[in-house]
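These notes are about the structure you will find just below.
The values are calculated or read from the model by the stated rules, or taken from the named source; none is laboratory data. Since this is a predicted model, take the numbers as computed values, not measurements. Using ideal geometry, Cβ is built from the backbone for each residue, glycine included, and neighbour counts are taken over all protein chains shown. Note: areas computed on protein heavy atoms with side chains; ligands, DNA, RNA excluded. Shrake-Rupley method; radii C 1.70, N 1.55, O 1.52, S 1.80 Å.
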Amino acid sequence: MRITHLRRLAPSAALATALVGLGTVQPAAADTPDLAFTVDQPVTTPGSTVSLTMTLTNNQSTDIWFVYQSVQPTWTTTQRKDLKYSFVSCTAQGAACSGTGSTALGVNYEIPLAPGTSRTVTLTYQVAADSGCNGTIGFYSYLYYEHENGQRTKDGVHNTPETRVACAPAEPAAS
């Protein structure tokens, strides 16, 4: 006696398994922070300034009720003893900065941050005229935020990718 009813069930079982699997898979964007970085120039030299702009956007359906961010130099940047720079200004729409004059900053965003809205912060740092400059100046950001009503899909700590600017030695003066 042949068991034909099992053969008829196999395609349906495979389809059901695939649909269940697709329903549980989260898109990759769910794990990425809603923070975008840009720099005004890819290369700097001693004595010049660089502006780093960060935009935090709430892409969720509830308000963000708490945000803290720090901007730190990368480990390789801190190992360059000849590199001299400091943050000289922080302009922000909907945020306040602490740490101007140092090499690390804290950013406190005005809350709540409603769904679909953004806050932009522009940090400007100055490379000292007598700075050694033969490599990159890199920063990373630690971002922590919490949403309203315990929504946990985006809450938590997010380490952002490094943002690097090449630092080239100053050109010798023409004779």
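Side notes on the structure shown:
- S175 being at pLDDT below 90, outside any loop (DSSP other than H, G, I, E, B) and not aromatic (F, W, Y): no
- Hey, Q69 part of a loop (DSSP other than H, G, I, E, B) and touching a residue at least 60 places away in the same chain (Cβ under 8 Å) or not: no
- Wholly enclosed strands (runs of 3 or more DSSP E) of region 89-147 bearing at least 1 residues surrounded by 17 or more Cβ atoms within 10 Å (Cβ to Cβ) and touching a helix residue (DSSP H, G or I) at 6+ places or on another chain (Cβ under 7 Å): 135-147
- Taken over region 65-74, the criterion of being open to solvent by less than 50 Å² (accessible area, probe 1.4 Å) and of a type outside the set (V, I, T) is satisfied by Q69, S70, P73.
- Residues that are of a type outside the set (A, V, I, L, M, F, W, C) and farther than 16 Å from L35 by Cα within region 64-79 comprise P73, T74, T76, T77, T78, Q79, listed in sequence order.
- Checked against the criterion of being touching a strand residue (DSSP E or B) at 6+ places or on another chain (Cβ under 7 Å), closer than 23 Å to A129 by Cα and surrounded by 14 or more Cβ atoms within 10 Å (Cβ to Cβ), the candidates T77, T62, T57 yield just one match: T77.
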